[in-house]
1. Applying the Karplus parametrisation 6.51 cos²θ - 1.76 cosθ + 1.60 with θ = phi - 60° to the phi angles of the stretch 159-166, what ³J(HN,Hα) value in whole Hz is obtained for each residue in order, glycine and proline being reported as x?
2. Using 0.36 nm times the number of residues separating S130 and L69, minus their current alpha carbon distance, what extension gain do you get?
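Here, each number is a calculation from the coordinates, and none is a lab measurement. This is a predicted model, so every value here is computed, not measured.
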Amino acid sequence: MAIYSARLTRDLFITGLRNAHAVENQALSLIDRQLDRVVSYPEVADHLRMHRAETEGQIARLEEILEALKESHSSLKDTAMSMMGNLAALGHTFAEDEILKNSFANFAFENFEVASYRSLLAVADAGAFSFAVPLLQKSLGEEEAMAAWILQNVPTITLKYLALKSADETAGR
C-alpha cells in the first residue's frame, strides 16, 4: 500500500469536499430553474423534487464532514457555482427541445457528481477519514440512482416530446 503525505491528503480531501459542496449548490440552482419551467413532464418534475431534497441532504452531509475536520465550505465557490447553475439552466430555455437538452445535461452533471464522490471516497480511504465514508457513500448512491433514472428515461422523455410536438402541444418543457 502506498504511503501518502498526511498534509497533502488532508488538503486534497478538504478541497474536494469544498468543491463537492459548491457543485451541490450548483445542482440546487439547476433543479430550481428546471422546476420553474417543466410543464408537460410531471414525472421529471417529481424526480427533480425528490433529488432536490437529496441534494439538500448531501450538502448537510458535506458540511458535517467539514465541521468534523474543523473546516468550512467556501462561500465564494458556492456562490460562483450557483450562478453558473442558473446560467446553464437559462441557456436551455431558448431551445425548442429544452426538456431533452436538460435531460442530457442532467445526466452529464449527475455523472460528474458520481465521479466527485468516488474521488472523495478514495481520498477518505487513503487519508484514514473513515468517519466520512458512510456519508459519502450515501451521497454517491443517490447520485448513481438519479443518473440511472435519467438514462433509463431518456427514450421515454424523447418519445413523449415527439408525441406532444406532433400534437402541437407544449413539448419543449
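1. Using θ = phi - 60°, the values come out as 5, 5, 4, 4, 5, 5, 5, 5 Hz.
2. Extra length available between S130 and L69 comes to 20.8 nm.
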